[in-house]
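The values are calculated or read from the model by the stated rules, or taken from the named source; none is laboratory data. Keep in mind it's a predicted model, so treat the numbers as computed, not measured. No Cβ is skipped: glycine too gets one built from the backbone with ideal geometry, and neighbour counts run over all protein chains shown. All accessible areas refer to the heavy atoms of the entire protein, side chains included, with ligands and DNA or RNA removed. Shrake-Rupley method; radii C 1.70, N 1.55, O 1.52, S 1.80 Å.
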Amino acid sequence: GALVTDADGLRHVDATGAPQETVRCDDPAGSIATNVGVVVGCADGAVLAVTDADGTTLERIPYPDGTTDRAVSFAAREGRPTVAGLTEGNAFWLLDTRERTWTRLDAGEPLARVAAVDDADQHVVALTQAGELLVIDGETGKTLARTEPLVAASLADPALAAGVTLQIDPNRTYLNGPAENVMFEIDHADDARIARTFETTDAPAFIAETGR
């Protein structure tokens, strides 16, 4: 089946395209799959689609009362329950899809990307709009480590910025710089140490990790 957004909200349709369930989801933005279910962001929270032997159910996870900013995109290490939600301000959200809870943290500066590592130390990896990579404590919001600007030129170019990606596994974060013709391998658990640098002949406009 599939999840479809339209003027009526968020719909689950089966493999034949027949509608199964619809829930309200104003101004949908951002989606991600976790090991619990599929998240779709809405103006007032998120909808979590959970599939089991009995079928698929749609659960609403509202933001806490008084929320004024929302997540517009989500990113996380693959196969983990907690995801990070980027806002249009200095804050970001952590959504625990297992507990159905939101946590808001303030990075203190605008971010271009943010992703939840969801490891034992609750690390969050973020990319500032200046191209610096941050490692943040997901419990306190404290910045634990910061690199020098790595992909400033890529983020400054609107044609390239959309392709800048944080790819995360349990031990490393990979960051591509299309304008810099380089990809960085960063140890997010070791003070954001740059473990390896891969220089490329062509612009690394898109990256994906394989072999894990």
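Of all residue pairs spaced 6 or more apart or on separate chains, those with beta-carbon atoms under 6 Å, a first member in the range 106-125 that is closer than 12 Å to E88 by Cα and β-branched (V, I, T) and a second member that is modelled with pLDDT of 95 or more and crowded, with 21+ Cβ neighbours inside 10 Å are V114/A84; V114/L86; V114/F92; V114/A126. Residue count for the range 13-44, restricted to those that are in contact with a Lys or Arg (Cβ under 9 Å, 6 or more places away or on another chain) and within 13 Å of A2 (Cα to Cα): 4. List every residue pair whose Cβ atoms lie under 9 Å apart, where the two residues are 6 or more positions apart in sequence or sit on different chains, the first residue falls within the range 188-209 and is open to solvent by less than 50 Å² (accessible area, probe 1.4 Å), and the second residue, located anywhere, is among the hydroxyl-bearing types (S, T, Y). Listed by first residue and then by second, the contacts come to H188/T173; A192/T147; A192/T173; I207/T165; I207/Y174.
Of the residues making up the range 76-93, those that are closer than 21 Å to D27 by Cβ, open to solvent by less than 30 Å² (accessible area, probe 1.4 Å) and not hydroxyl-bearing (S, T, Y) are V83, A84, G85, L86, A91, F92, W93. Taking every residue in the range 56-68 that is more than 24 Å from A15 (Cβ to Cβ) and pairing it with any residue that is open to solvent by 50 Å² or more (accessible area, probe 1.4 Å) and in a strand (DSSP E or B), at least 6 positions away or on another chain, the pairs with Cβ-Cβ distances below 8 Å are I61/T101; P64/R104; T67/R104. One residue stands out among those in the range 1-42 that are open to solvent by 50 Å² or more (accessible area, probe 1.4 Å) and of a type in the set (G, A, S): the one that is nearest to A76 (Cα to Cα), which is A33. Residues of the range 1-45 being under 21 Å from the mean Cα position of the chain (by Cα), among the polar types (S, T, N, Q) and not in a strand (DSSP E or B), which ones? Hits for the range 1-45 are T34, N35. Of the residues examined, A112 is one that is closer than 28 Å to D26 by Cβ, assigned to a strand (DSSP E or B), open to solvent by 10 Å² or more (accessible area, probe 1.4 Å) and of a type in the set (G, A, S).
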